[in-house]
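Can you keep this structure in mind? I'll have questions shortly.
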Amino acid sequence: MTTGNQSLAAAARRQSKGNPRVGASVFGRLQEVVGGNTLWIAWGLALGYALALLATSRNIGYSRDESFYFDAAGRYFDWVKLLVKNHESALSRAMIDSHFATNHEHPPLMKLLFGFSHDLLYDQYKWFSQPGISYRFPAMLMAGAGVAVLVLWGTRAISPAAGIVAGLCFALLPRVFHHAHLACFDVPVACMCLSSAYLWSRALDTGKFRWSLALGLVYGLTLATKHNAWLLPPAFFLHGICVKSATFIRSGWLKRLRLLAPAASLLVLGPLVLFALWPWLWFEPRERLTYWVQFHLKHEYYNMEFLGFTYWKPPMPRSYALVMTLATVPLTTLILFLIGGFCGTRDVISSLIARVRTHFEDESQSKSASDVLLWAICLFIFYSPWLSTDTPIFGGTKHWFSAYPFLCLFAARGFETIRQSLQGALRGRPLANGPWATAACAALVLLPGLVTVKDMGPWGLSAYMPIVGGAPGAATLGLNRTFWGYTTISLARELNARAPARVFLHDMTYSAWAMHERDGAWKKSLFATNSVVDSDLALYHYEPHMGRVEYQTWAAYGTSTPSAVGTYEGVPVIWMYDRRGR
Amino acid sequence: MTEQVQQYRGSALYTSRAGRLLLGKRSLVLSVCLVALGEAAAHFVFRSRAPSASDWQALKSQLAPLYKSGDLVAVAPDWGEPLARQALGDAMMPLSMVARADDADFPRALQISFMGQRREELSRWPEARREKLGPFSISILTNPNWKAARYQFIDHIEATSLSVSVSRGGVDEACPYSESAQMSAGNLGGDPTSPKVRFSCPGGSFHWIGVTIIDDEQYRPRRCIWAPPNAAGPVNLRFRQVPLGKKLIGHAGAPWLMVRDGVGPPISLSIANSQGKLGSFAAKDIGGWIRFEWDTQVLENTTSDLQLTIVGTGHGEQRFCFTLESQ
């Protein structure tokens with residue numbers, strides 16, 4: 001990395017010599033600092049992002065799925081502790097099954113990390129005052145790591161400024177920012193898939209064994225994070241065939257073996273790491289692997305509102321992923337993505353033409369296009385499930401998060417075009433070639449994501465971009481307003497003011513309620529119940545198909561007047577009824 | 001790395017040819033910057049576009065002079081309704097209006113509009129008056145086809161007006177009436193709330209007759225008389241001394257989330273007086289909330305005991321809810 005970055009800095013210095021009036025020496029120095037310290041910048045941004053997530057995590061309520069993972073994390077890490085104390089007992093089938101049976105439809109890596117973090121940082125060292133946040137912390141670190149990898153890859157493939165923009169574009173995607181707080185797998189697996197792709201690129205490019213080894217290990221961790229990882233091998237192999245097949249045919253056996261090393265590592269080391277990390281697979285591995293695969297290939301359908309209609313069975317709308325991406329990703333990022341995609345396509349075509357002209361002898365152009373091709377394939381493969389009308393849409397945008405890092409790399413490429421064009425347009429003017437123009441340009445393109453993220457607070461799943469009119473426009477269009485029952489925390493003040501009371505938990509699990517209770521969010525005199533007729537207070541998280549639960553409350557309480565309403569941008573998301581009329 | 005960077009620098013990206021091809025250097029930069037600025041500015045515009053909590057709270061006193069008891073209060077866009085209910089309370093938005101069977105039951109509507117939205121279903125109601133109250137536009141709309149109801153069956157689910165029985169092998173088995181029955185509610189996938197005031201029929205569980213609220217095919221609330229078919233035999237609801245007019249107008253359906261897969265056979269609802277059958281109607285699961293009408297012109301201005309009979313397939317797992325009014 002250093003060599004490349006130094007060369008960038010040197011290029012910048014050369015550039016500055018030709019244009020001494022415009023503060024180019026400053027630019028050169030900045031490029032030198034940035035270029036020479038990419039790793040520091042990448043990990044600095046990673047740490048900054050994780051800290052920003054940590055600082056804003058307290059207001060974000062615990063979602064249904066998180067509560068399942070809290071429980072599983074506790075069980076899984078109990079087994080790890082047992083393994084340390086009494087490994088013979090821990091390794092028995094009965095003990096493994098009893099600890100890992102819970103939530104066995106998902107692999108264990110993140111849950112083990114959640115459990116480890118809770119045990120170490122809450123139970124032992126008391127670094128966190130809230131147990132729920134200690135469970136969430138590993139996912140935040142993982143999101144930070146994803147930002148770092150984007151910075152590194154963007155720097156390597158495009159420029160340091162573009163690398164930073166790639167990382168920050170991803171960090172400031174509003175939905176990513178929300179999910180990055182959660183003790184879930186969607187952002188972690190997106191970051192792991194990105195890391196695997198980066199390592200694949202390095203392994204293929206350098207042919208060095210250490211990159212292949214790292215690829216196998218990281219891919220194994222990706223498999224152990226979430227099943228999105230299944231999509232990577234086809235993407236990588238397609239990419240490998242496109243960029244290395246001519247070399248493979250021309251090469252001798254030794255080089256061919258070297259070219260095959262990344263694929264071999266992916267296919268051998270990856271599954272071995274998964275197997276090693278998931279004790280659940282140690283017994284009846286075939287049956288349990290089959291169950292894992294079948295669970296996700298034949299996942300049941302949940303309800304999801306889209307453009308005013310609630311889908312609960314196929315055919316699902318094919319436009320869902322496209323429209324929801326448009327509605328939730330900043331338009332500026334999407335425009336940069338299109339510009340980057342245009343430039344990238346030109347690069348790939350130019351490379352192909354150059355290779356055909358040289359009868360595939362000259363690989364220099366193909367190297368520059370290789371990453372672009374890999375980004376495009378990964379982007380496509382992570383969106384491709386939604387080309388089928390049988391693919392469930394209940395997860396909103398989170399299920400194609402793994403495509404977003406690649407979208408951001410293209411956006412960074414688009415940004416680089418803008419940056420270059422800006423410098424060209426400003427040539428000869430003060431500050432034109434300085435870092436200020438680049439910084440201002442970057443700040444501007446990141447601004448829409450930043451203002452949305454800053455404002456959305458605990459309402460992450462209700463946040464929509466201005467292209468659909470923000471949250472009010474999305475509500476009018478009939479786009480999903482919330483799911484997972486996570487916004488109860490936003491009514492904490494109203495709930496506590498009405499204590500003592502029995503609270504009907506609509507769409508919220510007892511476990512999520514209990515975690516808030518452990519955090520100190522509720523008064524001890526508030527008791528959760530899942531019976532509306534036995535409750536004093538009833539919560540309702542808006543989703544059209546769940547309206548019937550609200551109507552049950554009306555019939556039980558004899559009123560349709562909410563006592564408190566939680567809104568985002570003026571749009572009701574959660575509301576509460578009080579049987580006692582307070 | 002050096003080599004690679006040089007390769008990138010030689011590519012289309014770095015020579016900005018792509019940029020020129022797209023829009024030209026300056027206009028490309030300007031366009032992206034304007035989009036970014038515009039998008040950020042639009043965020044601030046949209047976040048305060050909907051009425052605030054204080055706007056809603058101020059509405060109650062502003063609306064009071066315009067409101068008449070019995071008005072339909074409709075909100076456009078409909079997502080504002082919970083805020084309207086909170087602000088206006090049960091006095092102006094009673095449960096019976098919020099979970100109405102049909103807009104047509106109201107002589108007048110107060111439409112609370114914001115963000116330039118209108119209720120499509122009220123678009124043919126003539127506007128008598130319009131006022132601007134803060135961010136709201138209030139329209140007073142008149143129902144051009146309104147007819148007053150002589151008798152609302154849903155208001156008479158009590159022992160003096162109604163008796164309920166199930167015909168088991170030709171023998172009527174009474175469903176006992178209670179005003180203090182144990183309430184229950186089935187949560188997301190289950191049955192609607194069973195009220196305290198109800199007739200309990202053989203079969204237990206959801207086999208009761210009473211007033212509840214179900215979800216229709218658009219997940220909207222519908223307040224109705226819960227009267228599921230019974231495995232033991234036809235369910236008979238005998239209403240005493242019903243004043244009759246030109247017609248009986250009803251609506252029927254079942255809790256949409258429970259029946260939307262449309263696997264259930266039709267449910268029959270028929271009506272008769274002492275002289276014979278007056279009409280019948282068959283409701284299907286996938287039909288949603290359906291309006292029906294029976295002609296009673298020959299009995300206009302008379303009162304009569306009416307028997308409603310509900311028949312299903314006999315397996316006793318079907319749900320049914322209806323409303324009926326005499327006009």
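Read-outs throughout are calculated quantities, based only on the coordinates presented, and are distinct from any laboratory measurement. Being a predicted model, the structure only gives us computed values, none of them experimental. Ideal geometry is used to build each Cβ from the backbone, glycine not excepted, and the neighbour counts take in all protein chains shown.
Roughly how far apart, in whole Å, are the Cα centres of the stretch A:469-527 and the stretch B:83-128?
With the stretch A:469-527 and the stretch B:83-128 each reduced to a Cα centre, they are spaced 28 Å.
Testing the spin-label approximation: label points 7 Å from Cα along Cα→Cβ at A:Trp282 and A:Ala439. State their distance in nm.
Here the answer is 5.4 nm between the modelled labels.
Also: Quick one: if the Förster radius is 30 Å, what FRET efficiency do B:Gln275 and B:Ser180 give, using the C-beta to C-beta distance and rounding to 0.05? Present the calculation step by step, with values, prior to reporting the outcome.
Numbers: r = 37 Å, r/R0 = 1.25.
The calculated FRET efficiency here is 0.20.
Can you pull out the trypsin sites (Lys or Arg not before Pro) in the stretch B:122-185 that DSSP calls coil and that have at most 11 other Cβ atoms within 10 Å? Before the final figure, lay out the partial values.
Values: sites: B:Arg124, B:Arg129, B:Arg130, B:Lys132, B:Lys147, B:Arg150, B:Arg168; in loops: B:Arg124, B:Lys147, B:Arg150.
Filter output for the stretch B:122-185: B:Arg124.
Another question, then. Give the list, by residue number, of cysteines in chain B with no other Cys Cβ closer than 4.7 Å, or say none.
Lacking a cysteine Cβ partner under 4.7 Å: B:Cys33.
Using the beta-carbon distance between B:Ser54 and A:Arg493 and R0 = 25 Å, what value does 1/(1 + (r/R0)^6) give for FRET efficiency, to the nearest 0.05? Can you show the working numbers first?
Numbers: r = 17 Å, r/R0 = 0.69.
That gives a FRET efficiency of 0.90.
Which of A:Ile349, B:Ile249 has the fewest other C-beta atoms within 10 Å, and how do the rest follow up to the most? Don't jump to the answer; show the numbers that get you there.
Numbers: A:Ile349 12, B:Ile249 21.
Placing the least packed residue first, the sequence is A:Ile349, B:Ile249.
Could you tell me the calculated FRET efficiency between A:Leu254 and B:Leu34, based on Cβ-Cβ distance and R0 = 60 angstrom, to the nearest 0.05?
On the way: r = 55 Å, r/R0 = 0.92.
About 0.60, to the nearest 0.05.
Run the lone-cysteine check on chain A: no other Cys C-beta under 4.7 Å from the residue's C-beta.
So, A:Cys184, A:Cys191, A:Cys193, A:Cys242, A:Cys343, A:Cys378, A:Cys441.
Still on this model: For helix B:81-92, what angle does its Cα long axis make with the longest principal axis of chain B, in degrees from 0 to 90 and rounded to 10?
With both axes taken from Cα atoms, the answer is about 40 degrees.
Give me the distance in nm between label points sitting 7 Å out from Cα along the Cα-to-Cβ direction at A:Leu322 and A:Asn86, one decimal.
6.0 nm
Post the alpha-carbon centroid distance, the stretch A:118-164 to the stretch A:389-443, in whole angstrom.
Using only Cα atoms, the two centres lie 22 Å from each other.
Please state the charge dipole magnitude for the stretch B:151-326, taken about the Cα centre, from unit charges on C-beta atoms (+1 on K and R, -1 on D and E), reported in debye and rounded to the nearest 20.
Details: 15 positive and 17 negative charges, 13 e Å.
It works out to roughly 60 debye.
Taking the beta-carbon count within 10 Å as an exposure proxy, list A:Lys81, B:Lys60, A:Lys244, B:Lys68 from fewest neighbours to most.
Values: A:Lys81 13, B:Lys60 16, A:Lys244 21, B:Lys68 9.
The most exposed by this proxy come first: B:Lys68, A:Lys81, B:Lys60, A:Lys244.
Could I have the simple spin-label model distance between A:Thr206 and B:Ser205, label points 7 Å from Cα toward Cβ, reported in nm to one decimal?
About 6.5 nm, to one decimal.
Separate question: I'd like to know which of A:Trp292, B:Gly210, B:Trp146 lies farthest towards the positive end of the charge dipole of the protein assembly as shown, counting +1 on Cβ of Lys and Arg and -1 on Cβ of Asp and Glu.
Result: A:Trp292, furthest along the dipole toward the positive end.
Quick check for me: using +1 on Lys/Arg Cβ and -1 on Asp/Glu Cβ, what's the dipole size of the stretch A:374-510 about its Cα centre, in debye to the nearest 20? The partial results should precede the final answer.
On the way: 10 positive and 5 negative charges, 73 e Å.
Its charge dipole is roughly 360 debye.
Pulled fully out, how much extra length does the chain show between A:Arg427 and A:Glu105, if you take 0.36 nm times their separation in residues and subtract their Cα-Cα distance? Show your work: numbers first, answer last.
Numbers: separation 322, 0.36 × 322 = 115.92 nm, distance 5.77 nm.
Full extension from A:Arg427 to A:Glu105 adds 110.2 nm.
With unit charges on the beta carbons (Lys and Arg positive, Asp and Glu negative) and the dipole taken about the Cα centre of the stretch B:285-327, which residue among B:Leu306, B:Leu324, B:Ile290 sits farthest to the positive side?
The listed residue farthest towards the positive side: B:Ile290.
Next question. For a paramagnetic label modelled at 7 Å from the Cα of A:Phe237 toward its Cβ, which residues of the stretch A:263-302 fall within the zone defined by backbone nitrogen distances under 18 Å?
Inside the label zone: A:263-272.
Another one. If you take each beta carbon of peptide A:151-160 and count the beta carbons of other chains within 10 angstrom, what is the mean? Please report the intermediate quantities before stating the final value.
Values: counts 0, 0, 0, 0, 1, 4, 3, 4, 5, 0.
Mean inter-chain Cβ contacts per residue within 10 Å come to 2.
While we're on this one: Taking the number of other C-beta atoms within 10 Å as the exposure measure, put B:Ser304, A:Ser388 in order starting with the fewest. Mind showing how you got there, number by number?
Details: B:Ser304 18, A:Ser388 11.
Lowest to highest Cβ neighbour count: A:Ser388, B:Ser304.
Then there is this: So how much slack lies between A:Asp123 and A:His299, counting 0.36 nm per residue of separation and subtracting their Cα-Cα distance, in nm? Don't jump to the answer; show the numbers that get you there.
On the way: separation 176, 0.36 × 176 = 63.36 nm, distance 3.59 nm.
Between A:Asp123 and A:His299, full extension yields an extra 59.8 nm.
Okay, moving on. Give the relative contact order (percent, whole number) for chain A; include only Cα pairs under 8 Å separated by 6+ residues. Write out the running numbers ahead of the final one.
On the way: 968 pairs, mean separation 102.5, N = 582.
Once normalised by length, the contact order is 18 percent.
With angles folded into 0 to 90 degrees, how steeply does helix B:25-47 sit against the dominant principal axis of chain B? Use alpha carbons for both and round to 10.
Tilt relative to chain B: about 30 degrees.
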